[in-house]
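Data block below; observations after.
The values are calculated or read from the model by the stated rules, or taken from the named source; none is laboratory data. Just so we're clear, the structure is a prediction, and the values are computed from it rather than from any experiment. Cβ atoms come from the backbone with ideal geometry, glycine included; neighbour counts cover every protein chain shown.
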Amino acid sequence: MNSANNTQQPLLEVRNLKVYFPIEKGIIVRKRIGWLKAVDDVSFAVNEGEAVGLVGESGCGKSTTALAIAHLQKITDGHILFEGRDLSAMPAAKLYAERRNFQMVFQDPYSSLDPRMTAFDTIAEPLRIQVRRGTMALSETEIRDKVLDLMDKAGLSRTFSNRYPHEFSGGQRQRIGIARALALSPKLVIADEPVSALDVSIQSQILNLMKDLQNELGLTYLFIAHNLAVVEYFCRRIVVMYLGTIAEIAPSEMLYSEPLHPYTQALLSAVPIPDPPRERQRSRILLKGDVPSPIAERQGCPFKERCASAMAICAAQRPDLLEARPGHQVACHLYGQKGSTDGTHH
Amino acid sequence: MFDKKETVLSVRNLGTRFMTSSGTVKAVDGVSFDVHKGEIFGIVGESGSGKSVTNLSILRLIPSPPGKIVEGQIMLKGKDLLEANENELQMIRGGSVSMIFQDPMTSLNPLLKVSVQIAEVLELHHGLSRKEAEKKVVELLKAVGIPDAERRAQEYPHQFSGGMRQRVMIAMAIGCNPDVLIADEPTTALDVTIQAQILDLIRRLSDSRTMSVILITHDLGVVAGMCDTVAVMYAGRIVEQSAVDPLFREPKHPYTKGLLASVPRLDSAWNERLYSIPGAPPNLADLPAGCAFAPRCAYALPVCRQTYPPQTEMDDGQGGKRLVRCWLHTSENSGEQA
């Protein structure tokens, strides 16, 4: 996928992923009247040791993509390959063993922890499940050592191990969530908005922790967020989604300095920078209107109604995600799509 | 910077407490600030810093019990709101001071058409008939950039998107030409491209109507782009207050400094380690003696843990003054700091 890594097999590969939700009508006899296309033909790869960001606004399908990869959401079509093994075709029992390789960290540290489980039990739970299933052989003492070690790694004092979630602050709860995700020594951590529920001063503590853990344990991250500044800081490569599709994929410096897709350009220009003189000088691309409904049957480019550079072809044909330059892919008719009438309008 | 301008709202030594089972929570303590005509005044702070309670106190919207405004003055054009009776307050709320909130969906009545909800404000405050009011509603919806305003006025809140709902709230808020618009995290629930649209709208309305705005936010980027003056709150107090440029260029209070350094920025280099303030904000029911930030502060002096620092006035380098509450910057200690 990424030309720089052609020789290496990606850790995770998502191929033509589609997640559709049926829209039904009727009280007794439910009839399907349409589809909500939450994720519509999405393909990308994540290499080992990389941190890849998945950004976009609410409803763009980034969280659904994450859930589908973690197999917490049934997929409609497509393939998810982990180290080349196709998870989507795997029987449930085999998938169970596979799951320890990819773990999730969730957005809300309040609702993602069981209020009646202590920090220790929460972190130990994944290990105990694997032991119960016979896929791991650990004694309670070994589990204990491992949990306490995880608490150290996540920056939680060992003396907190018997406390319940309500006794922790938001930042500490997210540390518990991270420790739990790391319990099975996963290769891939899928973090869905891990810092957006946290205050600014706590957010940087968690981001630093996740970076330290990446260096220490060689983790690979798929980092989902709506805050572009956070993603740009945390990730090497960024996937920009819009209305269930991928608009652009680029290394973060390239995406920031030279965004190609008109949507990415608008998105970046809308992010406020905490620097008053710069902020006053910046020209903002104000997009017209709202994101269209994902329910409507669509033709052509998903961004066409809000795009200032829309051409005739944009209404007729959905652009493919093509490489515009090495490592930088964009789905836009402005950049020499096959069969498009070359960008004479811009 | 705004000294020559007329002061519209002046808050003096405001103190709001909540009596809870775990003790008295000092949600707001000794807060003073002035808002001038046409100014956008930012209040920035983390959750629990008292920024929302300050503004609810201004409109006397603190539920009592358990809340109570225990001291201070809130002067709106020469009148103390803390001494106003309920009838006077009703005329001020939505009249000369109006408010928009974070979540526009919960602020609108889902059972009433948008036009009826906006018209209500005009009927109540300006004594317009329903017909006259509804005519004005369409004008207001146009002013806040809602396309096809005649038709949309007849729709219900659920038919609007998040950004459009916030526009409806703004239309309702500016209906009576308020002197002050209080916007409490108006864009936190919105996507960044919609946030840009709403902030642009608030700024244009403030300019065209010389309306003062109190903008409450946790986002320093929003403050940088929108505000003229900013107050930074921590644990119920304003720790630093200044015109925006000097504050961002050279933050004086260690908390402001830490906050600015811990935000990932779009224009910062990749892989730079973020600064992070150690620890967590204090429990407001059990504040430490002295400065509330001292336990997390890298520069804390022995005195910081004993006595709350007095307010120090400094020149902001552009003809105005900035205020800091930190022992490092009081006249006795400022010499010690390198």
Handout entry: Top-ranked residue in the stretch A:82-110 [being modelled with pLDDT of 85 or more and in a loop (DSSP other than H, G, I, E, B); ranked as nearest to A:Leu219 (Cα to Cα)]
Key = A:Asn101
Completion exercise
Considering the stretch B:238-261, residues that are part of a helix (DSSP H, G or I) and not hydrophobic (A, V, I, L, M, F, W, C), and then whichever is nearest to A:Gln203 (Cα to Cα), we arrive at B:Gly258
Completion exercise
For the stretch A:101-120, pairs from a residue that is in contact (Cβ under 8 Å) with a residue 24 or more places away in the chain to a residue that is assigned to a strand (DSSP E or B) and of a type in the set (A, V, I, L, M), with Cβ under 7 Å and 6 or more apart or across chains, are A:Asn101/A:Leu188; A:Phe102/A:Leu188; A:Phe102/A:Ile190; A:Gln103/A:Val189; A:Met104/A:Ile190; A:Val105/A:Val189; A:Val105/A:Ala191
Exercise for the section: Assess whether B:Leu215 counts as being buried (at least 23 other Cβ atoms within 10 Å of the Cβ), closer than 29 Å to B:Ala27 by Cα and within 10 Å of another protein chain (Cβ to nearest Cβ). Expected result: no
Handout entry: Looking only at the stretch A:41-75, and only at residues there that are farther than 19 Å from A:Ser252 by Cα and part of a strand (DSSP E or B), the one that is nearest to the other protein chains (Cβ to nearest Cβ)
Key = A:Val42
Problem - In the stretch A:199-251, residue nearest to the other protein chains (Cβ to nearest Cβ) [restricted to those that are of a type in the set (Phe, Trp, Tyr) and closer than 23 Å to A:Thr64 by Cβ] - result: A:Phe234
Completion exercise
Counting only strands (runs of 3 or more DSSP E) entirely within the stretch A:228-346, those with at least 1 residues that are in contact with a Gly (Cβ under 9 Å, 6 or more places away or on another chain) are A:237-242, A:245-251, A:322-325
Handout entry: Positions within the stretch B:173-196 being more than 20 Å from B:Met105 (Cβ to Cβ), more than 9 Å from chain A (Cβ to nearest Cβ) and not acidic (Asp, Glu), in sequence order
Key = B:Cys176, B:Asn177, B:Pro178, B:Val180
Practice task
Could you grab me the full set of residues in the stretch B:158-172 that are within 12 Å of another protein chain (Cβ to nearest Cβ), touching a residue at least 40 places away in the same chain (Cβ under 8 Å) and surrounded by fewer than 24 Cβ atoms within 10 Å (Cβ to Cβ)?
Solution key: B:Phe160, B:Gly162, B:Arg165
Practice task
Determine whether B:Gly290 is in contact with a Lys or Arg (Cβ under 6 Å, 6 or more places away or on another chain), away from chain A (no Cβ under 12 Å) and not in a strand (DSSP E or B).
Solution key: yes
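Let's see how each residue does on (1) without any contact (Cβ under 8 Å) to a residue 60 or more places away in the chain; (2) farther than 30 Å from A:Ala51 by Cα; (3) among the basic types (Lys, Arg):
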| residue | (1), (2), (3) |
| --- | --- |
| B:Arg237 | no, yes, yes |
| B:Pro246 | no, yes, no |
| B:Gly258 | yes, no, no |
| B:Val263 | yes, no, no |
| B:Leu287 | no, yes, no |
| B:Cys291 | yes, yes, no |
Practice task
Scan the stretch B:125-141 for residues that are more than 26 Å from the chain's Cα centre (by Cα) and either surrounded by 20 or more Cβ atoms within 10 Å (Cβ to Cβ) or assigned to a helix (DSSP H, G or I) (or both) and report the count.
Solution key: 11
Practice task
State whether one or more residues within the stretch B:148-155 are assigned to a helix (DSSP H, G or I), of a type in the set (S, T, N, Q) and within 21 Å of B:Cys176 (Cα to Cα).
Solution key: no
